[in-house]
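> First the structure, then my questions, so here it is.
The values are calculated or read from the model by the stated rules, or taken from the named source; none is laboratory data. Because the structure is a prediction, the values reported are computed rather than measured. Ideal geometry is used to build each Cβ from the backbone, glycine not excepted, and the neighbour counts take in all protein chains shown. These area figures cover heavy atoms from the full protein model, side chains too; ligands, DNA and RNA do not enter into them. Shrake-Rupley method; radii C 1.70, N 1.55, O 1.52, S 1.80 Å.
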Amino acid sequence: MKTIRINLSANSYNIYIDRGLLEKVGDTLVKEKTPCKTLLITDKNIEKVYGNIVSESLQRNKFDVRLVSIKPGEEQKTLETALTLYDACFDHKLDRNSLIVALGGGVVGDISGFVAATFMRGVPFVQVPTSLLAQVDSSIGGKVAVNHTRGKNMIGSFYQPKAVFIDADTLSTLPAIELVVGLVEVIKYGVIKDAELFEYLEKHLYDVLQLDREALLKIIATSCQIKAKVVEEDEKEKHLRAILNYGHTIGHAIEAVTNYKKYRHGEAVAIGMIYAAGIAIEMGLTNNAVLERQRSLIKRLGLSLKTGLKPENIVKTLYADKKVIAGRLRFILPVKIGEVVISDHVTEEILYRVLSKPL
Ligand code: GLY
């Protein structure tokens, strides 16, 4: 088992990464936390495959578990669903020393974390992410939220988990497209911080897509390591953490313009990364090869880079994002593979120029 420590003084925690880890969640957790009332939150799909494994692992170690399942899907990530989860917290008589365990993808992790952060002003919680996207990104770093009709993740907080358990074997039951969109975030880590990881993907993408265990463990661990380091330096996104949003500025706008129906998050981020690279070229910060290497990896994932969206619609939506600071757009722009800069100086003129060109 690989353990990555994320050092955040009183909020520090371990990320455990291995195969076959789901059945060991209880055995590992009991070394850190006295058995207690535990609400295991999952969704109806994940419950069928992994609910019992995790529940039994916790029960074997004397945790008093109640399992509650929400319906799957991003549209469930609402305050209404959170209310039903608070009811489950009351029904199972959780107190401030109890535990909430999130078993599932990003939706389950985000809403469970939000409930944990707010029920009785905070209950300890643990993440057991089962999608690649959640394993390399959303389960780590403490961003928890629900959606509002006026924007995704607009109601939320920073609330760190007590531990994260990543079982690479869960990726074998993940739909292929979910693996692909998770890989977009892994490519992102390569671009922002790690040229070696990027090269590894260029060389071993086939192995990763074939679910080669060694390749999966390597990319997951490397991604978590990068995210852990960034979050350690800037937990609340005052500055550096923004680099994790590479590709997300335009990506979020594309998702929003299409009402979150046409693109998965990762698909939109892939397009956003190529536009960001295009902006960096326009501004003389980088060269064409940096864009082409990303385009080539994304194409090999089978993702389309066509949007057919009007530049003015994307630009208008960009300004509604929560990353807009004092009316200025913040972009993460690549300098070379493995290095990005944070820029508040992308003009509308540059934006229109880049967004008007075919990708
Ligand atoms: N997904 C970006 C962050 O956690 O900051």
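> When the stretch 1-54 is examined, which residues are found to be open to solvent by 20 Å² or more (accessible area, probe 1.4 Å), closer than 30 Å to GLN76 by Cα and polar (S, T, N, Q)?
Correct list: ASN11, SER12, ASN14, ASN45, ASN52.
> Quick one: which residue in GLY302, GLY272, GLY266, GLY327 is among the small types (Gly, Ala, Ser), more than 25 Å from the chain's Cα centre (by Cα) and over 18 Å from GLU199 (Cβ atoms)?
Working: GLY302 fails: more than 25 Å from the chain's Cα centre (by Cα); GLY272 fails: more than 25 Å from the chain's Cα centre (by Cα); GLY266 fails: more than 25 Å from the chain's Cα centre (by Cα).
GLY327 is the lone residue from the list that is among the small types (Gly, Ala, Ser), more than 25 Å from the chain's Cα centre (by Cα) and over 18 Å from GLU199 (Cβ atoms).
> Quick check on my filter: what residues within the stretch 251-272 are open to solvent by 10 Å² or more (accessible area, probe 1.4 Å), away from the ligand (no atom under 14 Å from the Cβ) and either among the hydroxyl-bearing types (Ser, Thr, Tyr) or in a helix (DSSP H, G or I) (or both)?
Step one: list which residues in the stretch 251-272 are open to solvent by 10 Å² or more (accessible area, probe 1.4 Å), which gives 252, 256-265, 267.
Among the residues that remain, those that are also away from the ligand (no atom under 14 Å from the Cβ) are: 256-264, 267.
Scanning the stretch 251-272 gives ALA256, VAL257, THR258, TYR260, TYR263, GLU267.
> Across the stretch 125-155, which residue is nearest to the ligand (Cβ to nearest atom) among those that are over 13 Å from the mean Cα position of the chain (by Cα) and surrounded by fewer than 21 Cβ atoms within 10 Å (Cβ to Cβ)?
LYS152
> Which members of the stretch 155-189 meet the condition of being among the aromatic types (Phe, Trp, Tyr) and either at pLDDT below 95 or assigned to a helix (DSSP H, G or I) (or both)? Can you show your working first?
Step one: list which residues in the stretch 155-189 are among the aromatic types (Phe, Trp, Tyr), which gives 158-159, 165, 189.
Listed by number, the list holds a single entry, TYR189.
> If you go through the stretch 292-312 one residue at a time, do you hit one that is under 22 Å from VAL257 (Cα atoms) and polar (S, T, N, Q)?
Yes, the stretch 292-312 contains at least one residue that is under 22 Å from VAL257 (Cα atoms) and polar (S, T, N, Q).
> Counting only residues that are touching an Asp or Glu at 6+ places or on another chain (Cβ under 6 Å) and in a helix (DSSP H, G or I), how many does the stretch 134-154 have?
Number satisfying all stated conditions: 2.
> For the stretch 1-99, which helices (runs of 4 or more DSSP H) that fit wholly inside it have 1 or more residues that are free of Cβ contacts under 8 Å to residues at least 12 places away in the same chain? Steps first, answer last, please.
On the way: elements: 25-29, 52-60, 79-91.
The helices (runs of 4 or more DSSP H) meeting that bar are 52-60, 79-91.
> Go through the stretch 223-238 and report how many residues are outside any loop (DSSP other than H, G, I, E, B) and either within 11 Å of the ligand (Cβ to nearest atom) or under 15 Å from GLN135 (Cα atoms) (or both).
Our first condition is that a residue be outside any loop (DSSP other than H, G, I, E, B); within the stretch 223-238, this holds for 223-233.
Pick out the ones that are also either within 11 Å of the ligand (Cβ to nearest atom) or under 15 Å from GLN135 (Cα atoms) (or both) and you get 223-228, 230-231.
Result for the stretch 223-238: 8.
> Being within 17 Å of SER304 (Cα to Cα), within 11 Å of the ligand (Cβ to nearest atom) and part of a helix (DSSP H, G or I) is the filter here, so list the residues in the stretch 239-250 that pass it.
Just the residues of the stretch 239-250 that are within 17 Å of SER304 (Cα to Cα), to begin with: 247-248, 250.
With within 11 Å of the ligand (Cβ to nearest atom) added as a condition, the list becomes 247-248.
Across the stretch 239-250, the qualifying residue is only HIS248.
> While we're looking at this one, here's another question. What tally of residues in the stretch 193-210 results from selecting those that are closer than 21 Å to HIS265 by Cβ and out of contact with any Gly (no Cβ under 8 Å at 6 or more places or on another chain)?
The number of residues fulfilling the criteria is 3.
> Among the listed residues TYR352, TYR319, which satisfies the condition of being open to solvent by 60 Å² or more (accessible area, probe 1.4 Å), touching a helix residue (DSSP H, G or I) at 6+ places or on another chain (Cβ under 8 Å) and without any contact (Cβ under 8 Å) to a residue 60 or more places away in the chain?
Numbers: TYR319 fails: touching a helix residue (DSSP H, G or I) at 6+ places or on another chain (Cβ under 8 Å).
Just a single option satisfies the conditions, and that option is TYR352.
> Next up: Considering each of THR249, THR222 in turn, give the residue that is under 22 Å from GLU312 (Cα atoms), under 17 Å from the mean Cα position of the chain (by Cα) and among the polar types (S, T, N, Q). Let's see the steps before the verdict.
Working: THR222 fails: under 22 Å from GLU312 (Cα atoms).
Answer to the selection: THR249.
> Continuing with this model, one more query. Quick one: would you say ALA289 is within 16 Å of the ligand (Cβ to nearest atom), in a helix (DSSP H, G or I), more than 19 Å from the chain's Cα centre (by Cα) and within 22 Å of GLU196 (Cβ to Cβ)?
Numbers: within 16 Å of the ligand (Cβ to nearest atom): no; in a helix (DSSP H, G or I): yes; more than 19 Å from the chain's Cα centre (by Cα): yes; within 22 Å of GLU196 (Cβ to Cβ): yes.
When the stated conditions are applied, ALA289 does not pass them.
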